[in-house]
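Enquirer: Mind looking over this structure? Questions follow.
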Amino acid sequence: MTRILIVEDEPRIASLLVKGLEGEGFTTVVVDDGNQAADAVLSGNVDLVLLDVGLPGTDGLTVLREVRARGARTPVILLTARAEVPDRVDGLDAGADDYLTKPFSVEELLARIRVRLRESSRDTGTTITVGRIHLDLRTRLAAVGGHAVQLTAQECMLAENFLRNPSKVLSRDQLRQAVWGSAYDSGSNIVDVYVGYLRRKFGRDFISTVRGQGYRFDP
């Protein structure tokens, strides 16, 4: 049975989440501080984390950075009242898989949980090698022809999508949804910006622009 860790210090919100999730057949575990949250994630006994950013003491972003640095790849959805773009960017760069601002509907949260669990179940390993590029998903280190480069969380997720789909054209919308979910709308140029980052780290020849369609990774 799927176990979801709820990290929330407001009892009313935690209770609503438990009711909504258990009503859909999930098993829930609730903690209300950052230290307990990190221990629970690193135990490997949960399948997804709902993480409140505004925790007392150790805040949610600090917890997230810690567990990612220690190799945890459990999907994390941030829950926060902070709706500004810089706040979303900070959360995603810290390693979040998705970002939901309060107040939110339980229906939307459940939909996002289902998406992240599907993606997690498709993860076939922690390393990918295609052509001259080797990517370690745990450490976010890539080796390009023997030269090591460090990737950010979003660069790593974008690179993973390209490496799992060699020679296939991926639209900007496909890449945006896979990496950033609904944090950015279809008019954002976030995909183009991060493709530029990867080109600088991998070399421009690896990622081609297909006019009017998107991008293609050429191993």
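The values are calculated or read from the model by the stated rules, or taken from the named source; none is laboratory data. These numbers were taken from a predicted model, which means no experiment stands behind them. Glycine gets a Cβ as well: all are built from the backbone with ideal geometry, and neighbour counts include every protein chain shown. Surface areas here come from the heavy atoms of the whole protein model, side chains and all, with no ligands, DNA or RNA. Shrake-Rupley method; radii C 1.70, N 1.55, O 1.52, S 1.80 Å.
Enquirer: In degrees, nearest 10, range 0 to 90: what is the angle between the Cα axis of helix 153-163 and the longest Cα principal axis of the chain?
Expert: 50 degrees
Enquirer: Let me ask you something else. Taking the simple approach of a point 7 Å from Cα along Cα-to-Cβ for both ASP136 and SER105, what is their distance in nm?
Expert: 4.4 nm
Enquirer: May I pose another question? Which FRET efficiency value, to the nearest 0.05, is calculated for ARG211 and SER186 with the Förster distance at 25 angstrom and r the Cβ-Cβ distance? Don't skip to the answer; put the middle values down first.
Expert: Details: r = 18 Å, r/R0 = 0.71.
It comes to 0.90.
Enquirer: Now a separate question. Can you give the accessible area of THR127 in Å² (nearest 10), computed on protein heavy atoms with a 1.4 Å probe?
Expert: Rounded to the nearest 10, that gives 70 Å².
Enquirer: Still on this structure, I have one more. What value, in deg cm²/dmol to 500, does the helix sum -39500 (n - 2.57) over DSSP H runs of n ≥ 4 give at 222 nm once divided by the residues of the chain?
Expert: -12500 deg cm²/dmol
Enquirer: Further question on the same structure: Which aspartates and glutamates, on any chain, are close to LYS102 with Cα under 19 Å apart, when same-chain ones fewer than 8 places away are left out?
Expert: Those aspartates and glutamates meeting the cut-off are GLU8, ASP9, GLU10, ASP32, ASP33, ASP52, ASP59, GLU84, ASP87, ASP90, ASP185.
Enquirer: If you roll a 1.4 Å probe over the chain with all protein chains in place, what percent of the accessible area is carbon or sulfur? Each step should come with its number before you reach the end.
Expert: Numbers: 5020 of 10560 Å².
Ligands and nucleic acids excluded, carbon and sulfur reach 48 percent.
Enquirer: Between LEU117 and LEU42, what is the spin-label point distance in nm, taking each point 7 Å from the Cα along the Cα→C-beta axis?
Expert: 2.7 nm
Enquirer: Write down Rg/Rh for the chain, rounded to two decimals, with Rg from the C-alpha atoms and Rh from the Kirkwood relation over Cα pairs.
Expert: Numbers: Rg = 17.7 Å, Rh = 18.1 Å.
Rg/Rh: 0.98.
Enquirer: If the reach is capped at under 21 angstrom between alpha carbons, list the lysines near LYS168, excluding any in the same chain fewer than eight residues apart.
Expert: LYS168 reaches LYS201.
Enquirer: Mean separation of Cα pairs under 8 Å and 6+ residues apart, divided by the residue count of the range 1-144: what relative contact order is that in percent?
Expert: 18 percent
Enquirer: Something else about it: With label points built 7 Å along Cα→Cβ from the Cα atoms of GLN150 and ALA69, find their separation and express it in nm.
Expert: Distance between the two pseudo-spin positions: 1.1 nm.
Enquirer: In sequence order, what are the phi-derived ³J(HN,Hα) couplings for the range 39-46 according to the Karplus relation 6.51 cos²θ - 1.76 cosθ + 1.60 with θ = phi - 60°, rounded to whole Hz, with x for glycine and proline?
Expert: In residue order, the calculated couplings are 4, 5, 5, 5, 5, x, 9, 10 Hz.
Enquirer: With every protein chain present, what is the per residue accessible area of the range 1-148 (1.4 Å probe, Å²)?
Expert: 49 Å²
Enquirer: Round to the nearest 10 and give me the degree value, 0 to 90, for the angle of helix 11-22's Cα axis relative to the longest principal axis of the chain.
Expert: 70 degrees
Enquirer: Turning to a different aspect of this structure: Would you kindly derive the ³J(HN,Hα) couplings of the range 133-140 from the backbone phi angles with the Karplus curve 6.51 cos²θ - 1.76 cosθ + 1.60 (θ = phi - 60°), listing them in order in whole Hz, with x for Gly and Pro?
Expert: Whole-Hz 3J(HN,Hα) from phi for the range 133-140: 10, 10, 10, 9, 6, 6, 8, 6.
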